[in-house]
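Report on the following structure.
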Amino acid sequence: MENLRTWRNGQSLSLDEAGRLVGVSGVQWHRYEAGTRRVSPDKVPTIAAVTGIPPQELRPDLADIFAPTSKETAGVLSARGDAR
């Protein structure tokens, strides 16, 4: 996934360092970046929290599982001034 590579390079992290931050090996992180392995569902929340990449971008096929709750959406809208 290019967004993972872009994030890692922006942080000046090695594959091993990025992997360590989320509890996977550097080899596994490389597989995620290269697209040869998908991020496992149990790692999606951790990787999203560390990188700021939305869970829906990490695993679009699981977007329903990781869709923001209405409470989270309300908080985002309120913070942006969109809530009524």
Exercise for review: Please specify each residue of the stretch 32-48 satisfying the condition of being assigned to a helix (DSSP H, G or I) and within 15 Å of N3 (Cβ to Cβ).
Suggested key: Y32, E33, A34, V44, I47, A48
Check your understanding: So, of the residues in the stretch 39-54 that are in contact (Cβ under 8 Å) with a residue 24 or more places away in the chain and not β-branched (V, I, T), which turns out to be farthest from Q28 (Cα to Cα)?
Key -> G52
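Bear in mind that the values in this text are calculations on the coordinates, not laboratory data. This structure is a prediction, so every number in the text was calculated from the model and none was measured. As a convention, Cβ positions derive from the backbone with ideal geometry for all residues, glycine included, and neighbour counts pool all protein chains shown.
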